[in-house]
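Each remark here refers to the structure printed beneath this line.
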Amino acid sequence: MAARMLGAIMVETLGVMNMVVVKMVVVKMGIAVAVMVACGLSVNVARAASPLAGEMKSLDGRPVDLASYNGKVVLVVNVASRCGYTRQYAGLQKLYEAHKDKGFVILGFPANDFGAQEPGTDAQIAEFCSTTYGVTFPMFSKITVKGAGKSPLYKALTEAAEPKGEVAWNFEKFLVGKDGTVVGRFKSGVAPDSAELVKAIEAEIAKP
């Protein structure tokens, strides 16, 4: 009986000692990080890379650094002018106007990958979007969004989003948070004014 009690006490003592050692290590690490910061040294914190990286061409031919959108809530949409969902341009423009002053932006990427429904040139696409829907959110030069030749942006988006995988059709939507994390993926049938999408956008806007 006494031997059992002694064994239990020893195990408990060892557990307490281990906890003390762990706490000491954590404290020392915290002090080390604080010293590094105080000395102006960089401390790398692991985080997923933002898909908003690299330079792409706007619809009017200007180079745009996608990293300039980091820090905003971004909705990335692959668009087309001759699709059954093309009327979503109107809803996207309203969504943009409602939230653009709150750190929100929509990026439109024309693509001819689905049913050849975006056959026009960049100039023709720009004219169509402006005259038909009054689009003022940033639009980019036509790209490929699926397959081996898809742009690096869409490679990053489709690998980071949940669920992962190729874009299925025009007007699929990826929501990117202020920290560059892909926080939502919405199929083509999810309208710009749907409660599901608007709620997700407003939740990201509300984050510090």
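Taking the criterion of being part of a loop (DSSP other than H, G, I, E, B) and small (G, A, S), the residues of the range 177-191 that qualify are G177, G180, S188, G189, A191. Residue pairs whose Cβ atoms lie under 8 Å apart, separated by 6 or more positions or on different chains, with the first residue in the range 183-208 and under 20 Å from A49 (Cα atoms) and the second small (G, A, S) and not in a loop (DSSP other than H, G, I, E, B), are V183/A200; G184/A200.
Okay, residues lined up against (1) assigned to a strand (DSSP E or B); (2) under 22 Å from T86 (Cβ atoms):
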{"site": "P163", "(1), (2)": "no, no"}
{"site": "E166", "(1), (2)": "no, yes"}
{"site": "N170", "(1), (2)": "no, yes"}
{"site": "L175", "(1), (2)": "yes, yes"}
{"site": "D193", "(1), (2)": "no, yes"}
{"site": "L197", "(1), (2)": "no, yes"}
{"site": "E202", "(1), (2)": "no, no"}
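Under the condition of being in a loop (DSSP other than H, G, I, E, B) and crowded, with 19+ Cβ neighbours inside 10 Å, the residues counted in the range 129-140 number 2. Every condition in (1) surrounded by fewer than 19 Cβ atoms within 10 Å (Cβ to Cβ); (2) β-branched (V, I, T); (3) over 10 Å from N78 (Cβ atoms) is met by I125 except one, and the failing one is (1). Being without any contact (Cβ under 8 Å) to a residue 24 or more places away in the chain, on the phi < 0 side of the Ramachandran plot, surrounded by fewer than 19 Cβ atoms within 10 Å (Cβ to Cβ) and part of a helix (DSSP H, G or I) is a description that applies to K155.
All of the numbers you see were taken from the coordinates with simple rules; none came from a lab. The structure presented is a predicted model; accordingly, all values stated were derived computationally and were not measured. When we count neighbours, we look across all protein chains shown, and the Cβ atoms used for this are built from the backbone with ideal geometry, even at glycine.
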